[in-house]
Amino acid sequence: MHDLILTFAGGLGIALIFGYLSHRLGLSPIVGYLLAGIVVSPHTPGFAADQGMADQMAHIGVILLMFGVGLHFHFKELLAVKRIAVPGAIVQSAAATILSMVIMRSFGWSWASGAVFGMAIAVASTVVLTRILVDNKHLHTPTGHIAIGWLVVEDIFTVFVLVLIPAIFGGEATGAGAVTLALLWTTLKIGALVAFTFIVGGWAIPRLLTSIARTGSGELFTLTILVLALGIALGASKFFGVSMELGAFLAGMVVGRSEFSNRAATDALPMKDAFAVLFFVSVGMLFDYQALIASPWLALATMGIVIIGKPLAALIITVALGYPLKTALSVSAVLSQIGEFSFIVATIAKTYGLVNEEAFNALVATAIVSITLAPLLYRSVDPIERWVAKRPALWKLFNRNAIGGDAADLDDGIHRRAVVIGYGPVGQTVVRLLKDNGFTPMIVEMNVDTVRQLNAAGEKAQYGNASHPATLQAAGTDKADILVLSASSVSMGCEVIKEARSLNPKIRVVARTSYLKEANELLEAGANAVFSGEGEVALSMTEAILDNFGATPEQIERESERIRRELFPRAT
């Protein structure tokens, strides 16, 4: 017990110190957590945490994290990205495997060892990927959905690899028949798990949570969620032979379909981040710097495959499938790392003599470097996209298959043209009213699936970030009569307005913002009128109060007009 508490408290304490220092230096806290693991490892002097206990607690963190991801990742979202997730995962995994086979052959490895090692480094870390998306507020965006869907497909591939290694190299059964049988059996078990979770779990779990919620006990509800997450994860491993992480993800999806999704996320999983931090600490504890210094080339080759080969393959397949450059860069960056599943595959492979200690240490070194670089690569997506956007030939090369409209389409004989940025509830209403009053709207939207649906329905829609000059130019802003910023969270709204003014000085700009304090900034940038969510709430509440207390229509209209003058400023 003493060792458990010492490992838990010591690991988290040192992770806190190094994580804080990393944050102050402008780096991801993940870097600090990895350094903390190296500090408490047996390979460095001073305090040494218990590696086995750290690994077990880290595994709990991974399971809870995957359950939390499943809470907010609905099945329809998984199906929506199957077009990119399935071929993307196949191409990237194949590229990593082939590169590994060729490169490791030059180190004297067999083709089989190179293939298994390539499969180990083909799969990205769940913890790292999710953490990067959460830190950048992109988990519940189209890019986040693609990345999570891609990762789920990779996890399923990993399950097959874990089954095939004993079937091929175990010596108990050999030949194509044994491999085929193992594949069929694994496929049936995965299908059975999915069916059981969604059919039986979909019926039983909401009823169980309803009964627990009616007790009014927060502790019982928290305990129930933890039991569901860990219990289904364990059952998935014991009875269906798949990873606990996949089982926890499916369990989270079932709970996410019920009305208890938000409560489960906020009340029942408060410790998942603390346990997840121990994952990074446990990875750092595996690192043996002396072995790396003695034999650096294998680690460098592995890093090259993970940090260059895998992202390049992801970039090519994503662009080839018609997705914009930003999506391709984002997915490539977030997948340019390895983690927990890589160690699981490598451990099994080591059991059958397919990889040695040197290879395992190279894997650890690659994990540390790639986990450190992945957040930095993800942050560089916007600067890289802006750099490419300034070079028309290069921009056209990467976006020639991307979905979107064309500015020329606006020239359809109707003289009034509008560019509407954002197609949420406000944008949809504005577009409908503009069309009813003789405007031809061009919609600029960051959700690629929405753009697909609009184009399929005959609407003019352009995928892209409105803060980029190339996007506004492609949308026909230079010929439009009005620009409408309908999204309350348009990034760099002032820059969008200034760029639109530079393209078309006569364009009228109507902007929406959530907060009154932002209105003056948008007006100074060139907006003609700004409407805020806070102002609308104040206006509606005032009208309701006056009406409830018997004010005349004239009094209500007079007061409403005064509020409009105060809270909805217009350019003078």
**Message:** Any residue in the range 21-37 that is touching a residue at least 24 places away in the same chain (Cβ under 8 Å) sitting within a Cβ distance under 6 Å of a residue that is aromatic (Phe, Trp, Tyr)? List the pairs, counting only those 6 or more apart or interchain.
**Reply:** 30/280; 33/280; 34/280; 35/18; 36/18
**Asked** Taking the condition in the same structural domain as residue 443 (by TED's automatic domain parsing) and surrounded by 17 or more Cβ atoms within 10 Å (Cβ to Cβ), does residue 545 pass?
**Response** no
**Asked** Say we look at the range 215-250 and pick out the residues that are among the small types (Gly, Ala, Ser), out of contact with any Asp or Glu (no Cβ under 8 Å at 6 or more places or on another chain) and in contact (Cβ under 8 Å) with a residue 24 or more places away in the chain; which of these is surrounded by the fewest Cβ atoms within 10 Å (Cβ to Cβ)?
**Response** 241
**Request:** Among the residues of the range 483-505, write down those that are out of contact with any helix residue (DSSP H, G or I) (no Cβ under 6 Å at 6 or more places or on another chain), modelled with pLDDT of 85 or more and either among the polar types (S, T, N, Q) or assigned to a helix (DSSP H, G or I) (or both).
**Result:** 496, 501, 502
**Complete:** Those residues of the range 325-357 which are farther than 27 Å from residue 276 by Cα and out of contact with any helix residue (DSSP H, G or I) (no Cβ under 6 Å at 6 or more places or on another chain) amount to 353, 356
**Prompt:** Which residue, of 295, 330, is at pLDDT 85 or above, polar (S, T, N, Q) and either in contact with a Phe, Trp or Tyr (Cβ under 9 Å, 6 or more places away or on another chain) or surrounded by fewer than 24 Cβ atoms within 10 Å (Cβ to Cβ) (or both)?
**Reply:** 330
**Request:** Pairs only if they're at least six apart or on different chains, beta carbon under 7 angstrom, first in the range 383-399 and free of Cβ contacts under 8 Å to residues at least 24 places away in the same chain and loosely packed, with under 14 Cβ neighbours inside 10 Å, second in a helix (DSSP H, G or I) and of a type outside the set (S, T, N, Q); list them, first residue then second.
**Result:** 394/388
**Prompt:** Could you say which residue among 151, 139 is closer than 22 Å to residue 305 by Cβ and buried (at least 17 other Cβ atoms within 10 Å of the Cβ)?
**Reply:** 151
**Asked** In the range 446-468, which residues are farther than 17 Å from residue 418 by Cα, modelled with pLDDT of 80 or more and among the polar types (S, T, N, Q)?
**Response** 450, 453
**Request:** Would you point out the residue of the range 469-482, among those that are on the phi < 0 side of the Ramachandran plot and outside any helix (DSSP H, G or I), that is modelled with the lowest pLDDT?
**Result:** 475
**Message:** Tell me yes or no: at least one residue of the range 506-517 is touching a helix residue (DSSP H, G or I) at 6+ places or on another chain (Cβ under 7 Å), in the same structural domain as residue 420 (by TED's automatic domain parsing), part of a helix (DSSP H, G or I) and at pLDDT below 80.
**Reply:** yes
**Asked** Does residue 313 count as in the same structural domain as residue 37 (by TED's automatic domain parsing) and surrounded by 15 or more Cβ atoms within 10 Å (Cβ to Cβ)?
**Response** yes
**Request:** State whether the residues of the range 449-468 include one that is outside any helix (DSSP H, G or I), surrounded by 21 or more Cβ atoms within 10 Å (Cβ to Cβ), hydrophobic (A, V, I, L, M, F, W, C) and more than 28 Å from the chain's Cα centre (by Cα).
**Result:** no
**Item:** Restricting the range 317-359 to residues that are among the small types (Gly, Ala, Ser) and in a loop (DSSP other than H, G, I, E, B), the residue that is farthest from residue 158 (Cα to Cα)
**Value:** 322
**Item:** Residue check for residue 224: assigned by TED's automatic domain parsing to the domain that holds residue 161, among the β-branched types (Val, Ile, Thr) and modelled with pLDDT under 85
**Value:** no
**Request:** List the number of the failed condition for residue 234; all other conditions in (1) aliphatic (A, V, I, L, M); (2) modelled with pLDDT of 75 or more; (3) not in a helix (DSSP H, G or I) hold.
**Result:** (3)
**Complete:** Scanning the range 95-124 residue by residue, those in contact (Cβ under 8 Å) with a residue 60 or more places away in the chain and closer than 23 Å to residue 319 by Cα turn out to be 95, 96, 99, 121, 122, 123, 124
**Request:** Please specify each residue of the range 437-488 satisfying the condition of being under 17 Å from residue 325 (Cβ atoms) and of a type in the set (A, V, I, L, M).
**Result:** 444, 446, 448, 451, 466, 470, 472, 474, 475
**Prompt:** For the range 100-114, does any single residue satisfy the condition of being closer than 23 Å to residue 246 by Cα and of a type outside the set (Lys, Arg)?
**Reply:** no
**Complete:** Within the range 430-440, the residues that are in contact (Cβ under 8 Å) with a residue 24 or more places away in the chain and either part of a strand (DSSP E or B) or of a type in the set (Lys, Arg) (or both) are 440
**Message:** Residue under question is residue 225, and the condition is that it be hydrophobic (A, V, I, L, M, F, W, C) and either within 30 Å of residue 348 (Cα to Cα) or part of a loop (DSSP other than H, G, I, E, B) (or both); does it hold?
**Reply:** no
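The values are calculated or read from the model by the stated rules, or taken from the named source; none is laboratory data. Predicted model only: the values in this text are computed from it and were never measured. Cβ coordinates were reconstructed from backbone atoms using ideal geometry, including for glycine residues, and neighbour counts include every protein chain displayed.
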